[in-house]
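J.: Supplied in structure tokens, the structure appears directly below.
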Amino acid sequence: MQHPSRRAILTTAAAAIATPAHRILGANDKANVAVIGIGGRGRAHLNEYTRMPESRVVAICDVNQEAQERGTALVEKIQGSKPKVYGDMRKLFENKEVDAVSMALPNHWHALATIWACQAGKDVYIEKPACHNMWEGRKMMEAARKYKRMVQVGSQSRTIQHKIRAMQLLREGIIGKIYMAKGLCYKRRKSIGHTPATSVPPGINWDLFLGPAPMREFTMNRFRYNWHWFWDTGNGDIGNQGVHEMDIARWGLGKETLPASIYSSGSKFAYVDDQETPNTQLATFDYGDCQLVFEVRGLLFNEEGGIQRDGGGNVIGNLFFGSEGWMAVDLKGFQVYKGEKHEKIMDEKFTENVAWATAPHMQNFLHACRTRNVKDLHADIEAGVASADLCHLANISYRLGRKLIFDAPAGRFAGDADADKMMTRDYRAPYVVPDKV
């Protein structure tokens, strides 16, 4: 299975500055946005877009009638007008009034939804991780470039000012030559228990929810949020909360290519429940001149390396180690320590009003929708796929139980057909990510 390299795809993307397929947004025009997926994160999308002067929500879509009703009520309350309501995103994409779609979908839907949206001439804000597997990420990049769409991934850290400042300092050599980045995803996850198979509740289109994934019996654990912990639909916490920190680790290292070797181990410890993905995972990525180490802990945990607990009691952030010192970065700010005595030379505190920078990240997306310049995006699909790929590599190693060697120029594993097979999936017709987008 030969895959084009990320750089090869971008080389064909000279037309990153383009004219939209439909109307051209002027400086004072509101962008007509549709939100697809009205769960907890989708409602956050609605809260932001309905309050921004740059946008108005003209349509919503969800496979769950209850979610449609909640979303409609929320938009009407804030914006004073009712959106058009859809149960099938394919119908929404036919609406020429819609300029852009903002999608908070389960991971297994990210690629196909993005490709369909690009083909329909819509710009796309897609939540992280960019893709459910490595192959679909390449198809998403191809679609974004072919149809000249702005595709922003919901990696909000790319718009948080103190994190931008920290990454700039690393590039300037504040701690010398970086030899290791460590991402911490210590987020307490309780057992999901067991939920029995039942008939599909009224108002839910289970076929559309599963989409590209295999048909399964309906269980509540496979539906509300806990879909994250099943391989059919999610990627575990390394691809959920973890991909944020993975993105920052890769950003700080300045790595655009994938590592030469990967090893990941762990397990689902302590619990006996329906979860398939690990609640404890350690991954090491070898780039030759440096390492990226990533750790997921869902059980009880300690604080580490200056990364303090957040408001939810979690320890989430990044540590960077260099020849002259080290840096700790989290949501609250960053600290820099230098020399053998670990002297603290910088301690920058968080000063922004929006902790996760969702609104500014979306405003950056809408800005690029006007300029038609992909370089204006803080988290273009290329960056999102590069970071998601690291999560996928770790999960492939974990599931196969061994170290993997990756041939980055070829875009495949070195002489490893079993690992290559796990770069994609068997799609359930008609929800097939196409080879030719």
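The values are calculated or read from the model by the stated rules, or taken from the named source; none is laboratory data. All figures in this text were calculated on a predicted structure; none of them were measured in a lab. A quick note on method: Cβ atoms are made from the backbone with ideal geometry, for glycine too, and the neighbour counts reach across all protein chains shown.
J.: Every residue in the stretch 334-350 that is modelled with pLDDT of 95 or more and in contact with a helix residue (DSSP H, G or I) (Cβ under 6 Å, 6 or more places away or on another chain), please.
T.: Result: F334, single match.
J.: Let me ask something else about it. Please pick out the residue among D418, D435, D347 that is over 20 Å from the mean Cα position of the chain (by Cα), without any contact (Cβ under 8 Å) to a residue 24 or more places away in the chain, outside any strand (DSSP E or B) and surrounded by fewer than 16 Cβ atoms within 10 Å (Cβ to Cβ).
T.: The match here is D418.
J.: State whether one or more residues within the stretch 212-228 are among the hydroxyl-bearing types (S, T, Y), on the phi < 0 side of the Ramachandran plot and surrounded by fewer than 23 Cβ atoms within 10 Å (Cβ to Cβ).
T.: Yes.
J.: Please state which one of H378, H361 is part of a loop (DSSP other than H, G, I, E, B) and touching a residue at least 24 places away in the same chain (Cβ under 8 Å).
T.: H378
J.: Then there's this: Right, M362: touching a helix residue (DSSP H, G or I) at 6+ places or on another chain (Cβ under 6 Å), surrounded by 17 or more Cβ atoms within 10 Å (Cβ to Cβ) and not basic (K, R) or not?
T.: yes
J.: Output the residues belonging to the stretch 351-371 that are at pLDDT 90 or above and among the aromatic types (F, W, Y).
T.: Within the stretch 351-371, F365 is the sole residue that qualifies.
J.: Here's a check for you: in the stretch 158-192, which residue that is of a type in the set (S, T, N, Q) and surrounded by fewer than 22 Cβ atoms within 10 Å (Cβ to Cβ) is modelled with the lowest pLDDT?
T.: Q161
J.: Name every residue in the stretch 316-330 that is under 27 Å from the mean Cα position of the chain (by Cα) and either without any contact (Cβ under 8 Å) to a residue 60 or more places away in the chain or exposed (fewer than 13 other Cβ atoms within 10 Å of the Cβ) (or both), in order of residue number.
T.: A328, D330
J.: Here is a follow-up. In the stretch 273-292, what residues are over 30 Å from F223 (Cα atoms) and either assigned to a loop (DSSP other than H, G, I, E, B) or of a type in the set (A, V, I, L, M, F, W, C) (or both)?
T.: Of everything in the stretch 273-292, those that are over 30 Å from F223 (Cα atoms) and either assigned to a loop (DSSP other than H, G, I, E, B) or of a type in the set (A, V, I, L, M, F, W, C) (or both) turn out to be F285, Y287, G288, D289, C290, L292.
J.: Quick one: in the stretch 31-44, which of the residues that are in a helix (DSSP H, G or I) and in contact (Cβ under 8 Å) with a residue 60 or more places away in the chain is farthest from A368 (Cα to Cα)?
T.: The residue in question is G40.
J.: Please specify each residue of the stretch 182-198 satisfying the condition of being part of a loop (DSSP other than H, G, I, E, B) and either in contact (Cβ under 8 Å) with a residue 60 or more places away in the chain or touching a Phe, Trp or Tyr at 6+ places or on another chain (Cβ under 7 Å) (or both).
T.: Selection gives K187, R188, R189, S191, I192, G193, H194, T195, A197.
To keep it simple, each residue is scored yes or no on (1) closer than 27 Å to D380 by Cα; (2) outside any loop (DSSP other than H, G, I, E, B); (3) of a type outside the set (A, V, I, L, M).
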site: V243; (1), (2), (3): yes, yes, no
site: D247; (1), (2), (3): yes, yes, yes
site: W251; (1), (2), (3): yes, yes, yes
site: T257; (1), (2), (3): yes, no, yes
site: S265; (1), (2), (3): no, yes, yes
site: Y271; (1), (2), (3): no, no, yes
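J.: Filter the stretch 268-297 down to the residues that are of a type in the set (V, I, T) and surrounded by fewer than 23 Cβ atoms within 10 Å (Cβ to Cβ) and list them by number.
T.: Within the stretch 268-297, V272, T280, T284, V293 qualify.
J.: Moving to a separate point now. Enumerate the pairs (first residue in the stretch 286-310 and within 22 Å of Y271 (Cα to Cα); second residue anywhere and among the polar types (S, T, N, Q)) with beta-carbon separation below 6 Å, excluding pairs fewer than 6 apart on the same chain, so at least 6 apart or on different chains.
T.: V296/Q281; R297/T280; G298/N279
J.: Restricting to the stretch 294-322, count the residues that are closer than 17 Å to N240 by Cα and part of a strand (DSSP E or B).
T.: 8
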